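Comments concern the structure below.
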Amino acid sequence: MSSGSRRCLATAYERLLAGVYSGVAAESLAAESTAPSEMQIQACWAAGLLGNEGLTHRHGTVRILDPGMWNRSAGPDFLRAEIEIDGVRRRGDIEIDPAPQDWEHHGHGANPAYNQVVLHVVLTPPGEGWYTRNAAHIEVPVLYLAPEVWRRALGMPSPPCRSEVPRCRAPLAGFSPAALDSLFRCAAAHRTERKRAHFRRKIEALGEHQAWFEAWAETLGYSANKNAMQMLVRRAPLKELGARAEAILLGTAGFLMPVLPTRCSEEARAYHRSVWDVWWELREQYELSHEHRIPWVMAPVRPLNHPHRRVAALALSARRWRSIAPLLNAASATRLRELLTSLSHPFWDSHCTMSSAALRQPMSLIGDRRVDDFLVNFVYTCDDSDFAWQTYLSLPAGKAPSAVLRTADALFGNRPELNKILSRHYVQQALLQIEADFCAVNICRECLFPTQLAEWCSD
């Protein structure tokens, strides 16, 4: 099976999707969308992933010529941006809010610091009578970002509708092993094609090195701090790090303080002092204000996965990026694993946080599981070679996550061979895709997926 076949398999799955959702109105899809956090949208805006043109509420078409500088202090979210509305260029600030009304709820309308805002970007459509005005009582143009815009920027599938009772079990019971495997391969191929397309858009917006650095940062953040790590590397991009990576990343993350608590060891104090001395000269450039701080999740996180340690691992990776970058392909996966798992640090090998006691014995800063996730979700997925696709199909799976088990139970019940079916990584990925496309977003009694499955089986 060639990489061209992967595209064909993905196309087959897309035809199945089209058969199920061809009659679903766009309005109903948008109604099911759950908006992301404001910080996520800010990160997308900073990267230029939300497009450069849109239709304002009452001021015609707007073109984004320069998204502005992401603000680290109090005030508008982006400073010194440049836009063009109906051919007229304007320079000023940009504010992003989940809803138009947040402008007044947050007191921006009475705050002169927001008088230079030239565009108010929102995720909820403004009502007919709404207008955003500043302290000088001048109207500010409002740009509404529809769900399809930010979902595409975040690499999320466009949602169709919520599951009640699984009706797909009956047609799937009649699938031969070959037909079932065909469905899984098509769903997995569709998932990898979507991921690769999203990654290509990030490369176009951020550059290849920054896009890969972001992917590695997200992997280190795992699920709890994936978004926080993305925000961190948007605030402190790879090209600005160099030999000062530890100070810039730990400081921007908010993990450095003028003085460590008295309970800390001398070893911790000495390390912190060495980083703080570098950070002190960079604080004005990189330190974030309280309102723009990165939302880290500290618990429940295993001590070895604490954000302090993950950011330290990211800093080490940044310093070795010239060696890492050439290995970001399927053919070099073994050497990439060896390099990443060998990264070592005299302090972080034996500490979980900046102020914690030393571990009884040193632990690897980056384990095989993190590297496996990186290879599976980015390296093999974004490599368009036949070797990458064949390797992807051969990957064994670890313990299935709860979402996979839930979907497998809904679709197959107690099918005897279920454990064997779930032993391949591409099958788990296929079930995650099916769950996202159908089970999690469908009203089961109205879904056409069972009918499409019956036709699939007969093809």
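The values are calculated or read from the model by the stated rules, or taken from the named source; none is laboratory data. Please read these numbers as outputs of a predicted model, since none were measured by experiment. When we count neighbours, we look across all protein chains shown, and the Cβ atoms used for this are built from the backbone with ideal geometry, even at glycine.
Could you identify the single residue in 372, 409, 349, 386 that is acidic (Asp, Glu) and touching a Pro at 6+ places or on another chain (Cβ under 7 Å)?
349
Identify, from the list 359, 339, 316, 304, the residue that is under 14 Å from residue 271 (Cβ atoms) and assigned by TED's automatic domain parsing to the domain that holds residue 228.
316
Give me a count of the residues in the stretch 167-216 that are buried (at least 20 other Cβ atoms within 10 Å of the Cβ) and in a loop (DSSP other than H, G, I, E, B).
Counting residues in the stretch 167-216 that are buried (at least 20 other Cβ atoms within 10 Å of the Cβ) and in a loop (DSSP other than H, G, I, E, B) gives 1.
Based on this model, can you work out whether residue 342 counts as farther than 22 Å from residue 234 by Cα and in contact with a helix residue (DSSP H, G or I) (Cβ under 8 Å, 6 or more places away or on another chain)?
no
Of everything in the stretch 392-430, what is in a loop (DSSP other than H, G, I, E, B) and hydroxyl-bearing (Ser, Thr, Tyr)? Give them in sequence order.
The answer is 423, and nothing else.
Select, from 456, 389, the only residue that is modelled with pLDDT under 90, on the phi < 0 side of the Ramachandran plot and hydrophobic (A, V, I, L, M, F, W, C).
456
Scan the stretch 385-406 and report the pairs whose first residue is exposed (fewer than 15 other Cβ atoms within 10 Å of the Cβ) and whose second residue is in a loop (DSSP other than H, G, I, E, B), with Cβ atoms within less than 8 Å and a gap of 6+ or a chain change.
Pairs that qualify, where the first residue is exposed (fewer than 15 other Cβ atoms within 10 Å of the Cβ) and the partner is in a loop (DSSP other than H, G, I, E, B), are 385/329; 396/423.
Please go through the stretch 64-94 and give me each residue that is touching a His at 6+ places or on another chain (Cβ under 9 Å), closer than 14 Å to residue 113 by Cα and surrounded by 14 or more Cβ atoms within 10 Å (Cβ to Cβ), ordered by number.
Correct list: 71, 76, 77, 94.
Output the residues belonging to the stretch 326-340 that are assigned to a helix (DSSP H, G or I) and either under 23 Å from the mean Cα position of the chain (by Cα) or touching a residue at least 40 places away in the same chain (Cβ under 8 Å) (or both).
327, 330, 331, 333, 336, 337, 340
Which ranges mark the helices (runs of 4 or more DSSP H) fully within the stretch 1-63 that have 1 or more residues being modelled with pLDDT under 85, buried (at least 20 other Cβ atoms within 10 Å of the Cβ) and not hydrophobic (A, V, I, L, M, F, W, C)?
3-21
Cβ-Cβ distance below 6 Å, separation of 6 or more or different chains: which pairs start in the stretch 199-210 with a residue that is farther than 17 Å from residue 64 by Cα and end on one that is assigned to a helix (DSSP H, G or I)?
Note: pairs meeting the criteria are 199/382; 202/211; 203/211; 209/238; 210/238.
Kindly provide the set of residues from the stretch 88-122 that are farther than 20 Å from residue 46 by Cβ and either assigned to a strand (DSSP E or B) or touching a residue at least 60 places away in the same chain (Cβ under 8 Å) (or both), ordered by number.
88, 89 - these are the residues of the stretch 88-122 that are farther than 20 Å from residue 46 by Cβ and either assigned to a strand (DSSP E or B) or touching a residue at least 60 places away in the same chain (Cβ under 8 Å) (or both).
Filter the stretch 217-243 down to the residues that are of a type in the set (S, T, N, Q) and in a helix (DSSP H, G or I) and list them by number.
219, 227, 230
Determine which member of the set 364, 356, 350 is closer than 26 Å to residue 253 by Cα, among the polar types (S, T, N, Q), out of contact with any helix residue (DSSP H, G or I) (no Cβ under 8 Å at 6 or more places or on another chain) and assigned to a loop (DSSP other than H, G, I, E, B).
Step by step, each of 364, 356, 350 is checked, and only 350 is closer than 26 Å to residue 253 by Cα, among the polar types (S, T, N, Q), out of contact with any helix residue (DSSP H, G or I) (no Cβ under 8 Å at 6 or more places or on another chain) and assigned to a loop (DSSP other than H, G, I, E, B).
Quick one: residue 74 ticks every box in (1) of a type in the set (A, V, I, L, M); (2) assigned to a strand (DSSP E or B); (3) closer than 26 Å to residue 236 by Cβ except a single one, so which number is it?
(2)
Of all residues in the stretch 251-283 being over 28 Å from residue 237 (Cβ atoms), of a type in the set (A, V, I, L, M) and part of a helix (DSSP H, G or I), which is modelled with the lowest pLDDT?
Filtering first and then ranking leaves 268.
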